[in-house]
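Presented below is the structure to which this report refers.
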Amino acid sequence: MAVALHSLPVFIRLEGRPVMLIGEGEAADAKRRLLERAGAMIVSEDAEAALAIVAMDEPDATVARLKARGVLVNTVDRADLCDFTLPAIVDRSPVIVAVGTGGVSAGLAAALRQRLEAILPAGLGRFAETLRGLREKIPDNRERRRAIGRALDAEFGSFSSDHGRTLETIALASPDPDDLTLRQARLLAQADRVFHAPDVPTAILDRARADAPRIVSAAPPVNASEGLTVYLEMAR
């Protein structure tokens, strides 16, 4: 059985759209600044909106009213009352990286954001803009990924995901995905297709790219197809 996602990350365009902001103080001010950056139209509880952010000391009654109206609510410092959470953000517009912990630890999300700030190049957004139209120029997904990898190498270095025609076999020491080595996790994230023995857990397969096909096989494929093929088996 697949391990359920705690939350499904989505990016919502709020330009010109109403969002309720209810409450006062530093927490409400911080959310206001964030909404203003996103171009949202900030409204009160009396207005019509699909989303609301509540920053109050005693939010329960307000949240109950909003949810009864079908409004999705984020409640500051009350993960149990949240329909959605607001992540820590690394902004390289139009590239945006969001780090969330499901409301468990804002401090951890902030620490991870700081690490990512140091890793991601400042020019990443400008680079992303240069890739406009690449889908039309290179309709094949795999070839487009390889082209992006080459372009990243040329621009920033050390980003290559161009594997040519490669087959990698991974012998898993444990059914726990947290026990994957850094190299194993990287290969799974880059694989164009994943062959796997029948006893490989779904939790491991979930670490592969979402669009990479999963193919049950008792042995590795004889010939590698174009791109990166990964074969997973449990270590004996």
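When the range 71-85 is filtered for residues that are open to solvent by less than 50 Å² (accessible area, probe 1.4 Å) and at positive phi, nothing remains. For the range 111-136, a residue qualifies if it is more than 13 Å from Leu152 (Cα to Cα), of a type outside the set (A, V, I, L, M, F, W, C) and open to solvent by 80 Å² or more (accessible area, probe 1.4 Å), and the qualifying residues are Gln114, Arg115, Arg132, Arg135, Glu136.
Per this entry, Val95 is not counted among residues that are under 30 Å from Gly149 (Cβ atoms), among the β-branched types (Val, Ile, Thr) and buried (at least 18 other Cβ atoms within 10 Å of the Cβ). Looking at Asp211, Asp192, Asp178, just one residue is of a type in the set (D, E, K, R), within 25 Å of Ile119 (Cβ to Cβ) and open to solvent by less than 60 Å² (accessible area, probe 1.4 Å), and that residue is Asp192.
Taken over the range 195-236, the criterion of being among the acidic types (Asp, Glu) and more than 22 Å from the chain's Cα centre (by Cα) is satisfied by Asp199, Glu226, Glu233. List every residue pair whose Cβ atoms sit under 7 Å apart, with the two residues 6 or more apart in sequence or on different chains, where the first one lies in the range 224-236 and is closer than 11 Å to Leu167 by Cβ and without any contact (Cβ under 8 Å) to a residue 60 or more places away in the chain and the second, anywhere, is of a type in the set (S, T, N, Q) and part of a strand (DSSP E or B). What qualifies is Ala224/Thr166.
Kindly provide the set of residues from the range 166-175 that are closer than 22 Å to Leu5 by Cα and either in contact with a helix residue (DSSP H, G or I) (Cβ under 7 Å, 6 or more places away or on another chain) or open to solvent by 70 Å² or more (accessible area, probe 1.4 Å) (or both), ordered by number.
Taking the range 166-175 and keeping what is closer than 22 Å to Leu5 by Cα, we get 174-175.
Pro175 - this is the single residue of the range 166-175 that is closer than 22 Å to Leu5 by Cα and either in contact with a helix residue (DSSP H, G or I) (Cβ under 7 Å, 6 or more places away or on another chain) or open to solvent by 70 Å² or more (accessible area, probe 1.4 Å) (or both).
The residue pairs whose first member lies in the range 184-205 and is under 15 Å from Ala224 (Cα atoms), whose second member is in a helix (DSSP H, G or I), and whose beta carbons are closer than 6 Å, counting only pairs six or more residues apart or on different chains, are Asp192/Arg142.
Does any residue of the range 60-71 turn out to be in contact with a helix residue (DSSP H, G or I) (Cβ under 9 Å, 6 or more places away or on another chain), among the polar types (S, T, N, Q) and modelled with pLDDT of 95 or more? No, because not a single residue in the range 60-71 is in contact with a helix residue (DSSP H, G or I) (Cβ under 9 Å, 6 or more places away or on another chain), among the polar types (S, T, N, Q) and modelled with pLDDT of 95 or more.
The values are calculated or read from the model by the stated rules, or taken from the named source; none is laboratory data. Quick caveat: nothing in here was measured; it's all calculated off a predicted structure. Every residue, glycine as well, gets a Cβ built from its backbone with ideal geometry; the counts of neighbours run over all protein chains shown. Ligands, DNA and RNA are excluded from the accessible area calculation, which covers all protein heavy atoms including side chains. Shrake-Rupley method; radii C 1.70, N 1.55, O 1.52, S 1.80 Å.
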